[in-house]
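This report refers to the structure that appears directly beneath it.
Where a number appears in this text, it was derived from the coordinates with a stated rule and is not lab data. Values in this document were obtained by computation on a predicted structure and should not be read as measured data. No Cβ is skipped: glycine too gets one built from the backbone with ideal geometry, and neighbour counts run over all protein chains shown.
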Amino acid sequence: MTLITTTASRPQRKRIPDRHLWLLLALVGLALLSCLSLRLGLRPIGWNEIWASFVAYSPETANHIVIQQMRLPRLLAAWLGGAALATSGMLIQGLTRNPLADPGLLGINAGAALGVILCIFLLGISDPAAFVWVAMAGGLVSTILVFLLGGGQRGSNLRLILAGAALSALFLALGRSLLLVSQRSLDVYRFWVLGGLDGIEMQTIFALLPIFGFGAALALISAFHLNAMILGEDTARGLGLRTAGTRTLAVAAILCLCAATVSMAGPIAFVGLVVPHMARRFSGADMRWCTLFSALLGAGLLMLADLVGRLPFFGGNMQAGVMVALIGGPAFVWLLRRNERGLR
Amino acid sequence: MTHPACQSPGLSAHQPASRDVRLRAQALSVAYAQAPILSDLTLDIPDGEITVIVGPNACGKSTLLRSLARLQRLSAGQVLLDGKNIHHQRSRGVAQRLAILPQSPTAPEGLTVHDLVSRGRTPHQSALKQWSRQDARAVEQALERTSMGPLAQRNLEALSGGQRQRAWIAMALAQETDILLLDEPTTYLDLPHQIELLTLVQSLNQDSGQTVAMVLHDINLAARFANHMIALRAGEVFAKGRPEQVVTRENMAQVFGLKCQIISDPVHATPHVIPE
């Protein structure tokens, strides 16, 4: 008996410390980045004052307001949004077994964008705070449409993303044709569509928190099922998986996470596509670990992008949605090249 | 409706022995977009034996195997596993008794052999109850029985075709089922690796009495490794029984349209087809 258990645990003992070490490093890195994110910006603020803004907040001190009303919400939004987008990317790539799949493929972003455009165009609203709920509604409607067009429970994963691509294209075209005829809509929309974390209010974050939480719980359950799903639908069903149920669960998780993010920060591309690939290099092939690492790296990347975009060098307000690709692109190419050399 | 050839005396003698067999197809029909693939098939997969399904391309061999593993939507009839309709049972429960290896399965990049074999434990786990000592033992045993232990930490894409196929079989073994279905497990393997793989399957069957049903293209290999054969033609069972009952000159002509002589394999004494 003792002999069996020692041989049985050997193959894992080799890998798990690795993963745990990376996990620790990621958490330390995120903590450091979070501190820097509060401290740096157009106007650096000292550690003492940051601390004071938490324990003895005074609405008369300008720096306290900057920390509590601006930098803290941005920090939280980066944590939530980055983690949500990257997790969704991991789920959609695992579900469709397509490394180029992006959560945007389910039509969430296109639906949210159309919602926002309609809101500006028809109702004349240009207050970003009002966009939260129309973007959410747009994302919800389009994802449900995509799911139904993709055959619902009985569809296939391929049909799902094809329906998503078709509907996204349709919604984007509709939106653009509205923008063509309305200069004012375009002015408001072009800031929203870049995606960014400025101007997010604490209230919005708290309102969206339950949706993020629900999505995260669904994502963790899906990750276990996707471990079988990535071997192909036949193999997965042979292993006793209800593939239709798994598909519904994963789409629901992605819907919650992405709709909450897009309504908070606009459509931020790239994180969902690329971070899962980065995460896999640290986590190995187990989807549960992949999901955890995706969430952490996604949060880190978005936080970094937001932080760098706020530095004086970039004029103090480069949208995080733009910055994330400027930073993440080269980082990804470097990772790929390093990995290629490692293989040779 | 069974084909006339099934009523030959040698075949009906086989029927009574398999009355309460664990896996059985009853009046099974499958159609894709109205076109019938399988029509009204009734057959048993004898317990503890190696059954090989043969037939020309597009005769429905794979569809039959997939139907037996509840991967196929049926248009009529049913598949019984342990006496109950397989589609009415919990899929996870079925997966604890019956494993299937689909034809040329694919794995994502970066998966190690150990990762893959561990996935075979899926039906014994749930999102809440995950890795147990029992799982570790089953994975270790599956790796050992397929001689994949030394390669456990290797990436799947770094393996040869034969090793990769052994890794997939190890995954199905880790599932610890009494019944194992294999869909053309020798595809893309050269002859020595085909023999190696089929010998492995045979030893699994002989050592632990695991019931095996598989689809094979090569009649001679089928005849050599099977205890029981099923020959399909155009979606119907044309002949079934022991290899020497199925691999006959007339059956080969009828099923494959192949003119041939049958000799007895000088080494294994199984029927051997010599095409004319």
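Take the Cβ atoms of B:K84 and B:A253, set R0 to 30 Å, and the FRET efficiency comes out at 0.15. Computing Rg and the Kirkwood Rh from the Cα coordinates of the stretch B:105-176 gives a ratio, Rg/Rh, of 0.96. Computed from label points 7 Å out along Cα-Cβ, the spacing between A:Q183 and A:L25 is 5.4 nm. Taken along the Cα-to-beta-carbon direction at a fixed 7 Å, the label points for B:E244 and B:Q206 span 1.9 nm.
Per the Debye formula on identical point scatterers at the alpha carbon atoms of the stretch A:42-189, with no solvent, log10 I(q)/I(0) at q = 0.15, 0.17 Å⁻¹ is -0.87, -0.97. Charge tally for A:L297 (other residues, Cβ to Cβ under 12 Å; Lys, Arg +1; Asp, Glu -1): +2. In plain terms, the chain from A:L311 to A:R337 could stretch by 6.5 nm, reckoned as 0.36 nm per residue minus the Cα-Cα distance.
Legend: mean number of C-beta atoms from other chains within 10 angstrom of residue C-beta atoms, peptide B:121-133, equals 3.
On full extension, the segment bounded by B:Q261 and B:A158 gains 32.8 nm, given 0.36 nm per residue less the C-alpha separation.
Counting charges near A:G41 (Lys, Arg +1; Asp, Glu -1) among other residues having Cβ under 12 Å from its Cβ returns a value of +3. If you model the stretch B:121-276 as an ellipsoid using its alpha carbon gyration tensor, with each semi-axis the square root of five times an eigenvalue, the axes come out at 35, 17, 14 Å, biggest first. With no solvent and one equal point scatterer placed on each C-alpha of chain A, evaluate the Debye formula and give log10 I(q)/I(0) for q = 0.11 Å⁻¹, two decimals. Taking Cα atoms of chain A as identical point scatterers yields -0.75.
Using the Cβ atoms and a cut-off under 13 Å, what net charge is assigned to the surroundings of A:A129, where Lys and Arg are +1 and Asp and Glu are -1? Overall, the nearby charge balance is -3.
A crude spin-label estimate for the pair B:T187 and A:L174, with each label 7 Å from Cα along the Cβ direction, gives 4.1 nm. Panel order for A:S156, A:S142, by other beta carbons found within 10 Å of each beta carbon, from fewest to most: A:S156, A:S142.
Total Lys pairs in the protein assembly as shown closer than 30 Å by alpha-carbon, pairs eight or more apart in sequence or interchain only?
Taking the protein assembly as shown as the scope, the lysine pair count is 7.
Applying 1/(1 + (r/R0)^6) with r as the Cβ-Cβ distance of A:R242 and B:D47 and R0 = 41 angstrom yields a FRET efficiency of 0.90. Label zone of A:E49 (point 7 Å out along Cα→Cβ, amide N under 16 Å): in the stretch A:309-331 this covers A:312. If you filter the stretch B:180-276 for trypsin sites (Lys or Arg not before Pro), then keep DSSP loop positions with at most 15 other Cβ within 10 Å, what is left? Sites meeting the loop and neighbour criteria: B:K259.
Solvent-free Debye calculation, one equal scatterer per alpha-carbon of chain B: log10 I(q)/I(0) at 0.08, 0.10, 0.15 Å⁻¹ equals -0.33, -0.52, -1.15. Please say if the protein assembly as shown is rounded, prolate or oblate, where rounded means a/c under 1.5 for a ≥ b ≥ c the square roots of the C-alpha gyration tensor eigenvalues, and otherwise the choice is prolate for a/b larger than b/c and oblate otherwise? Prolate shape, in that a/c is at least 1.5 and a/b is the bigger ratio.
Averaged over peptide B:108-115, the number of partner chain Cβ atoms lying within 10 Å of each residue's Cβ comes to 5. Taking Cα centre as origin and charging only the Cβ of basic (Lys, Arg, +1) and acidic (Asp, Glu, -1) residues, the dipole magnitude of the stretch B:105-176 rounds to 140 debye.
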